[in-house]
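Data block below; observations after.
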Amino acid sequence: MDEQIRPFRSPVDEADWEDLRDRLKRTRWADESPTEGRERGIRRAELRELAEYWQTSYDWQGQEAALSGIPQFETEIDGQRIHFFHARSSRPDAQVLLVTHGYPSANVEFARVIELLTEPETGPAFHVVAPSLPGYGLSTPLSGAGWTMARISRAWIELMARLGYARYGLHGADIGAGVSGYIASLDAEHVTGLHVATDPLTAANTATFIPGMADGLDRDDPVDQLILERMQAFTSDGSGYLAIQNTRPQTIGYGLDDSPAFLLAWIVEKIQDWTAIDVDRDVMLAVVSAAWFGRAGASAAHVLYDQAHAHDWGGAVTVPQAVAAFGADATVRKVLRPAPETRWTEFAEGGHFPAMELPAVLATDLQEFFGDLR
């Protein structure tokens, strides 16, 4: 295995951009939905406007230039090529933080958070490591089957050892929270603390497929009833994207890797549905562009398939823990049932993607939790 860490150089050239523009220009658009709302999917007019902006106005080269201010690297772990940001603070007292994104995103979602944490105006500073999950963003092509959260966590432990970090903190949301939890259970001697972000919809959705999370809920309790209603809504109306990827990732992958309009609809719909604060379209398109140029539509689907067929949900976590609940209500604590010593912070705003929605709020919460942990 090649254990070298190499500076990352973007494989995207002008020919790739011309191909993207041409494909967008030649999109054969479906007729508009026969209903007025979004209950049948993202509206054609909205998607077409965003695709037009992506084709004619979005500056990926400018985005790449901005991201080049965050040092990027690649390495091979367990046969898989991994792309990651590794931004070191100028502060000699900086701590180390490993952050992991979720679905359907990439490490580019952390760009603003990285800036705020490496050179903060006040509070603790961090050296930040932000990899893209195997098969996501520019951590492609996928080396093969079996990239479950457990396997990813072992790869991240190897990455931190390869970078020479003996102590580091963890942050994640969605899949990133699961991976971070695995790492905390497997590598406790090197982990200073575990910080995860969640929101009411994520908590309820997670309870539908993690055994035991919904045990004991009572329909006569108003809070429990709301949780159960959200779980049912996810099962009946919100989980279609998972159902097809958990069963036929290769089939849907042909469309995701061939049609930028399809990939755009697939990712943007989830970002919009799962956020409470509008995400800047350039930020959304950075995520979509990373998936397009990395050909990550199919490979990310295969990673979801592998996790759906896994049965290992990790072990006990003994390191200090924190939960940041965005858009919080009483349901989140009821579902997650945190240990008494868990640091629990609630924010009235935000949703599933706090790094994109409220980067300054997330950065501050990370500083406050990890400030005294070494």
Inset, instruction - Report, ordered by the first and then the second residue, all pairs with beta carbons closer than 9 Å, sequence separation of six or more or different chains, a first member in the stretch 321-333 that is in a helix (DSSP H, G or I), and a second member that is acidic (D, E). - result: T331/D224; V332/D199; V332/E346; R333/E346
Inset, instruction - Would you mind stating whether L159 is assigned to a strand (DSSP E or B) and closer than 22 Å to L373 by Cα? - result: no
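Yes/no per residue for (1) touching an Asp or Glu at 6+ places or on another chain (Cβ under 6 Å); (2) at pLDDT 95 or above; (3) in a strand (DSSP E or B):
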{"site": "I267", "(1), (2), (3)": "no, yes, no"}
{"site": "K270", "(1), (2), (3)": "no, yes, no"}
{"site": "I277", "(1), (2), (3)": "yes, yes, no"}
{"site": "V303", "(1), (2), (3)": "no, yes, no"}
{"site": "D312", "(1), (2), (3)": "no, no, no"}
Inset, instruction - Quick one: in the stretch 354-374, of everything that is of a type outside the set (A, V, I, L, M, F, W, C) and not in a helix (DSSP H, G or I), which residue is modelled with the lowest pLDDT? - result: R374
Legend entry - Yes/no for R167 being surrounded by fewer than 18 Cβ atoms within 10 Å (Cβ to Cβ) and closer than 26 Å to A66 by Cα: no
Legend entry - Number of positions in the stretch 3-47 that are in a loop (DSSP other than H, G, I, E, B), among the β-branched types (V, I, T) and farther than 20 Å from I267 by Cα: 2
Inset, instruction - Among the residues of the stretch 50-81, count how many are among the charged types (D, E, K, R), in a helix (DSSP H, G or I) and more than 16 Å from P11 (Cβ to Cβ). - result: 1
Legend entry - Members of the stretch 114-129 found to be in contact (Cβ under 8 Å) with a residue 60 or more places away in the chain and buried (at least 24 other Cβ atoms within 10 Å of the Cβ), listed by number: L117, F126
Inset, instruction - Quickly run through the stretch 200-227 and pick out the residues that are assigned to a helix (DSSP H, G or I) and not hydrophobic (A, V, I, L, M, F, W, C). - result: P200, T202, N205, T206, P222, D224, Q225
Inset, instruction - Please find, within the stretch 37-47, the residue that is surrounded by the most Cβ atoms within 10 Å (Cβ to Cβ) out of those that are within 25 Å of the chain's Cα centre (by Cα) and either at negative phi or of a type in the set (V, I, T) (or both). - result: L47
Legend entry - The one condition in (1) under 23 Å from T118 (Cα atoms); (2) of a type in the set (A, V, I, L, M); (3) crowded, with 20+ Cβ neighbours inside 10 Å that A291 fails to fulfil: (1)
Inset, instruction - Being surrounded by fewer than 24 Cβ atoms within 10 Å (Cβ to Cβ) and touching a strand residue (DSSP E or B) at 6+ places or on another chain (Cβ under 8 Å) is the filter here, so list the residues in the stretch 179-190 that pass it. - result: G181, H190
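Every residue, every condition in (1) more than 23 Å from F369 (Cβ to Cβ); (2) buried (at least 19 other Cβ atoms within 10 Å of the Cβ); (3) of a type in the set (V, I, T), yes or no:
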position: T202; (1), (2), (3): no, yes, yes
position: N205; (1), (2), (3): yes, yes, no
position: G212; (1), (2), (3): yes, no, no
position: D215; (1), (2), (3): yes, no, no
position: L226; (1), (2), (3): yes, no, no
Inset, instruction - Pick out the one residue from Y165, Y241 that is at pLDDT 95 or above and under 22 Å from the mean Cα position of the chain (by Cα). - result: Y241
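The values are calculated or read from the model by the stated rules, or taken from the named source; none is laboratory data. Model, not experiment: these values are computed from the prediction. FYI the Cβ positions are ideal-geometry reconstructions off the backbone, even for glycines, and counts take in every protein chain you see.
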